[in-house]
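Okay, here's the structure, questions in a sec.
Read-outs: derived from the displayed coordinates by stated rules, not from any lab. Source: prediction; values computed, not measured. Please note: Cβ atoms are built from the backbone with ideal geometry, for glycine as well, and neighbour counts cover all protein chains shown.
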Amino acid sequence: MAVETQINNTLMRHGKSLEYLASARNLIPSGVSSLMRVMTPYPIVASHASGSRLWDIDGNCYIDYLLGFGALINGHSHPKIVEAVVRQAEKLLLAGTPLELEYEVAKKIAKMVPNAERVLFTTSGTEATMEAIRIARAVTGKTKILKFEGAYHGHHDYVLWNVDSYSPGLEINPYHLPGYPGIPSVVSRTVLIAPWNQPDIVRRIVRRNRSSLAAIIAEPIMANCGVIMPKEGFLKELREIADEYEALLIFDEVLTGFRIAPGGAQEYFGVKPHLATFGKALGGGVPIAAITGDAEILDNVAPGRIGFGGTYNAHPLALAGAAANLDLLMRNEYEAFRKLYEVGERLIRGLRDVIEDSRVSAIIQGLGPMFQVFFTELPEITNSRQTVEGVDKQAFTRWQNNLLRNGVLIHSSWFERITISTQHTLEDVDKTVEAAQISFKALGS
């Protein structure tokens, strides 16, 4: 009877979305071009959005904390960003020449990001990490990279290893687990895997491979395995290890950049990487990404030296949207970031109070602008290995489903994250905490 009721509720609230996806699957595999957009059992097909709110084609309205996977730092369809994109579209849609706007956006990034002596643009975070790794290999003359278990750096073969939580093997010699079929096993010979937050093991792995290791790539805050903070001093040790063994340190700031501080994690933690990649909140909803880094390294990107290119790199519409987005973030001495923390920290406090009142085994990790709820008995999650058996993924999905029924949108997967925009209000927070209280209590019924 309960299953029948759930099916009926789904059909009532999400009937049009279900019907659309059934039709779309006739032409588009799985009905989407990014599999993370499929959420079950309650599918959402977006219709329109504004500020902190999103409406689906069934007419349901949600307070949105998914925010295009964190890209919409200034909320949905901010008028300043929309105006800038429209104005640029009327002026110039695409050119095969340099644009003045490219330099203007680069200067804004250089003003905010500590390591941005040089800036290069790509279209996606995947391209940014792929190019950064290639650059690192070129300038060091070495081939291997080291990445961390549970870290996601985009959709290319060199980084789609040990992304998900499986049986991982020994910390010093983890199994090499491809993220998808179709990745040649030979690629694994160029990728080293290390556990997060264990600098002694990282150092041992690097020492063993010092003659072949080109770069260490890291999300400075792991945000694709829930949200896992670095232990104090860990990022500083990564930089020291990289320098000692003549490798480059790459920060993948696609999620932390322009979100946790104006200069991202490198500003927040006071550690400058050799190279960094940015995306998502850089554009505020337009497709743009960037690589920043030392002039000594990136000045090698030049004809006859290191190649770099793409038809849509530094696209005029993306540059216009990014320029407007960054202007909003820089306005009034970075007032936007103060608001992100005020709203986010109030939401975290409210959720923690509800967790305590509901007597649910759960913790919250992260910072005001970006955090996640883990259903666990553990007092803290410090690396992805603890999520294999230490996190109740089914409880998270049930909680998310209940939130959705109560008008709050977060992703259905525990390994995503909750993100805040400058358009979320304290009223949104109060409504979200109320919905969360109902949803936590429903877990026990």
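Go through 339-351, 377-389, 18-30 and give me the packing order, highest mean Cβ count within 10 Å leading. Walk me through the numbers before you get to the answer.
Details: 339-351: 19.2, 377-389: 16.5, 18-30: 12.4.
Highest to lowest by the protection proxy: 339-351, 377-389, 18-30.
Quick one: Phe258, Phe69, fewest Cβ neighbours within 10 Å first, how do they rank? Please report the intermediate quantities before stating the final value.
On the way: Phe258 29, Phe69 20.
Ordered by Cβ neighbours within 10 Å, fewest first: Phe69, Phe258.
How do the peptides 327-333, 369-375 rank, highest first, by the average count of neighbouring beta carbon atoms within 10 Å per residue? Don't jump to the answer; show the numbers that get you there.
Working: 327-333: 14.4, 369-375: 24.0.
Averaged packing, sorted descending, gives the order 369-375, 327-333.
How would you rank Cys61, Cys225, going from fewest to most other Cβ atoms within 10 Å of each one's own Cβ? Could you put the intermediate results ahead of the total?
Details: Cys61 13, Cys225 27.
Going from least to most buried by this count: Cys61, Cys225.
Take every DSSP beta bridge whose two residues both sit in region 79-329, then give the antiparallel share in percent to the nearest 5. It would help to have the intermediate numbers written out before the result.
Values: 13 of 28 bridges.
Among the beta bridges of region 79-329, antiparallel pairing accounts for roughly 45 percent.
Strictly over 29 Å apart at the Cα level, which of Lys231/Lys393; Lys80/Lys431; Lys91/Lys272 would you flag in this model?
Numbers: Lys231/Lys393 24 Å; Lys80/Lys431 27 Å; Lys91/Lys272 38 Å.
Among Lys231/Lys393; Lys80/Lys431; Lys91/Lys272, the Cα-Cα distance tops 29 Å for Lys91/Lys272.
Show the residues, 5+ positions off or on another chain, whose built amide H is closer than 5 Å to the amide H of Ile216.
Leu146, Leu248, Leu249, Ile250
Using Cβ counts within 10 Å as a stand-in for footprinting exposure, how do Leu93, Leu403 rank, fewest first?
Numbers: Leu93 10, Leu403 23.
Going from least to most buried by this count: Leu93, Leu403.
How large is the Kirkwood hydrodynamic radius of region 79-329, in angstrom, based on all distinct alpha carbon pairs? Provide the component values of the computation, followed by the final result.
Details: mean 1/r = 0.0542 Å⁻¹.
Result for region 79-329 stands at 18.5 Å.
State, as an integer percentage, the relative contact order of region 79-329 based on alpha-carbon contacts under 8 Å between residues 6 or more apart.
Across region 79-329, relative contact order equals 29 percent.
Here's something else I'd like to know. Please work out the Kirkwood hydrodynamic radius for the chain, using every pair of different C-alpha atoms, and report it in angstroms with one decimal place. Intermediate values should be presented prior to the final figure.
Values: mean 1/r = 0.0441 Å⁻¹.
Taking the inverse mean of 1/r over all distinct Cα pairs, the chain comes out at 22.7 Å.
When DSSP beta bridges are limited to those with both residues in the chain, what percentage is antiparallel, rounded to the nearest 5? It would help to have the intermediate numbers written out before the result.
Values: 28 of 45 bridges.
Here the share of antiparallel DSSP bridges comes out near 60 percent.
Also: So how far, in whole Å, is the C-alpha centre of region 122-141 from the one of region 25-73?
30
Which distance in nm do the two modelled labels at Glu19 and Ser211 give, with both placed 7 Å along the Cα-to-Cβ direction?
6.7
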